Amino acid sequence: MLDPAQGIHAPNSDPAALAEHIRPLIAGNWKMHGMAPQLSEIEAVAASVKATPPPADVLICLPATLITRAVQTAAGRFAIGGENCSAQISGSFTGDLSAEMLKDAGARAVIVGHSERRQYHGETDAIVAAKAKAARRAGLLAIICIGETNAQRLAGKALSVCAEQIAGSVPDGMTASGTAIGYEPLWAIGSGHMPTPEQIIEMHTHIRQCLTHCLGAEGKKLRILYGGSVKSSNARAILALPEVGGVLVGGASLKAADFLAICGATPVSA
């Protein structure tokens with residue numbers, strides 16, 4: 001489904017070596033930021049990735065208005081993705097974009113179920129699952145986002161909330177080459193507040209167990225990204241934690257220097 005030449009590689013398929021050899025994914029999410037002048041940041045990332053390839057797959061998900069131009073600017077040196085898609089292929093859905101349209105524009109991936117979509121657009125687990133199926137249909141990597149609120153964590157429900165979101169948002173038959181999970185504790189996004197390393201390990205281990213239960217062998221290989229106030233100063237420590245298969249970066253992905261510093265923090269042994 002994913003062409004390595006386009007900048008996203010399938011994880012290692014040998015279950016005996018998965019913990020050490022799943023290739024990390026460093027994914028940026030520009031959200032509702034960026035116009036033509038900001039394509040210079042894409043060019044800077046592309047030039048650096050070509051000159052010094054990091055030991056990770058690199059992806060930046062952009063507003064749809066920039067995707068085609070960003071793909072041209074990146075010129076295959078790293079992957080470009082979308083931030084959302086419709087579950088529909090086509091039809092009378094004014095303002096929506098299908099996964100196939102994103103693919104046609106040159107995207108290689110799409111984020112579905114981001115907390116902001118769930119919060120501000122009322123997206124349910126069922127809607128997210130339908131969008132993940134659409135991404136699979138179009139041949140895009142689906143980054144399926146999950147995460148708990150601060151109230152849910154304080155109530156001791158963080159693990160159960162994320163388990164329910166995985167069960168409802170990850171369709172049957174999703175593969176490790178076509179899917180990643182983006183775990184973002186909602187209380188950490190853009191706040192500067194981070195879970196402790198122990199909390200990240202606990203949640204990522206729990207997510208792995210849920211994925212294995214839902215998807216079997218594919219669940220053991222699927223990349224689990226941490227997101228929420230990721231920056232150059234903490235990325236190395238986060239990426240070194242067990243079961244962290246990459247990061248989903250928000251604000252720090254808008255500037256090439258900051259994003260490249262995170263790319264460079266990937267453990268070489270990965």
**Fill in**
Counted residues in the stretch 234-270 being assigned to a loop (DSSP other than H, G, I, E, B), surrounded by fewer than 20 Cβ atoms within 10 Å (Cβ to Cβ) and in contact (Cβ under 8 Å) with a residue 40 or more places away in the chain come to 9
**Request:** Identify the residue in the stretch 61-85 that is surrounded by fewer than 20 Cβ atoms within 10 Å (Cβ to Cβ) and of a type in the set (Gly, Ala, Ser) and, among all such residues, is nearest to the chain's Cα centre (by Cα).
**Result:** Ala64
**Fill in**
Result of the Cβ filter at 6 Å on the stretch 219-233, keeping first residues that are buried (at least 23 other Cβ atoms within 10 Å of the Cβ) and partners that are aromatic (Phe, Trp, Tyr), at least 6 apart or interchain, is Tyr226/Tyr183
**Message:** So, in the stretch 214-234, exactly how many residues are more than 22 Å from Arg153 (Cβ to Cβ) and more than 14 Å from the chain's Cα centre (by Cα)?
**Reply:** 10
**Request:** Could you grab me the full set of residues in the stretch 64-91 that are assigned to a helix (DSSP H, G or I) and over 16 Å from Ser253 (Cβ atoms)?
**Result:** Ala64, Thr65, Thr68, Arg69, Val71, Gln72
**Request:** Report yes if some residue within the stretch 103-113 is more than 19 Å from Gly28 (Cα to Cα) and assigned to a helix (DSSP H, G or I); otherwise report no.
**Result:** yes
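Taken together, the values in this text are just the output of simple stated rules run on the coordinates, not laboratory data. The structure presented is a predicted model; accordingly, all values stated were derived computationally and were not measured. Glycine gets a Cβ as well: all are built from the backbone with ideal geometry, and neighbour counts include every protein chain shown.
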